[in-house]
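Input: a single structure, listed below in structure tokens.
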Amino acid sequence: MNTSPDFSLRATSCSSKWNTLLRGNPDVEPPRVHVPRADDEHHPSAGRHIHQRQEVTESPMEQAGVCRRWSEEDLHAVREITWRSWLSAYSSFIPESDLRTYFEEHYSLAALLTLVHDPTVNGFIAEVEGTPVGYVKTKLNTEEKRYYVSSIYLLPEAQGKGIGRKLMLMAAEESEANGFDRVYLGVMVKNRPALDWYSKMGFQRVETASFTMGTTSVDHFIGYIPLTSLRAYAR
């Protein structure tokens with residue numbers, strides 16, 4: 001159950017627009033200095049936050065563990081979850097060398113730290129017995145006026161237990177809190193398990209676009225899921 005990597009910009013022409021989303025300095029680790037929190041009055045994004053629900057805990061779905069908002073301390077776990085999920089879902093049609101190239105560029109600790117403090121991005125970690133097993137990342141695209149599920153990844157052993165549904169419900173709550181009635185996402189055409197999963201939620205395809213990871217180009221379906229059908233499936 002994966003979205004296409006970091007799909008929060010609508011890829012209408014080529015991969016360049018897509019690749020601008022997470023572009024940063026992939027070779028530099030986060031500096032060992034104090035980084036103001038997003039709610040710090042001195043933080044550069046103070047006063048520009050999208051709406052966030054104050055309470056994110058819910059009655060746990062059966063076998064689904066608990067979800068909480070992510071923090072800087074989760075970034076190593078996010079990297080591990082992403083990489084293991086990619087190998088499981090994509091390695092049959094994207095060479096590992098290309099996966100590694102994209103991963104090291106866009107999922108460095110420095111790049112992820114930037115996302116944690118991005119006021120248009122929200123992230124939630126799913127835990128089972130205190131261990132992170134998955135996450136969802138959402139993105140408010142103010143230009144397109146769309147709310148995206150830009151990433152949702154689970155460890156292979158955590159799939160099929162209701163955790164992905166719980167994470168999608170968190171994304172639905174965030175989307176609705178920001179005034180939207182749907183979530184947009186992109187999914188690789190060859191990623192049939194994910195495509196089938198989204199289809200059960202009511203995924204409506206809008207267009208097809210190409211995306212490049214390393215030297216490999218793959219087609220994506222881009223579309224949306226209405227919150228009503230998402231909730232009907234997830235609950």
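A few points about this structure:
- A simple spin-label model places pseudo-atoms 7 Å from Cα toward Cβ; at Ala232 and Lys200 they are separated by 1.6 nm.
- Dividing the mean sequence gap of close Cα pairs (under 8 Å, 6+ apart) by how many residues the range 96-145 holds gives a relative contact order of 24 percent.
- Over the range 105-221, the pair-distance histogram of Cα-Cα distances with 10 Å bins from zero comes to 12, 40, 41, 7 percent, rounded to whole numbers.
- Largest first and in whole Å, the equivalent-ellipsoid semi-axes of the range 184-235 read 24, 11, 7, each the square root of five times a Cα gyration tensor eigenvalue.
Any read-out appearing in this document is the output of simple, stated calculations on the displayed coordinates, not a laboratory observation. These numbers were taken from a predicted model, which means no experiment stands behind them. Note: ideal-geometry Cβ built from the backbone for every residue, glycine included; neighbour counts use all protein chains shown.
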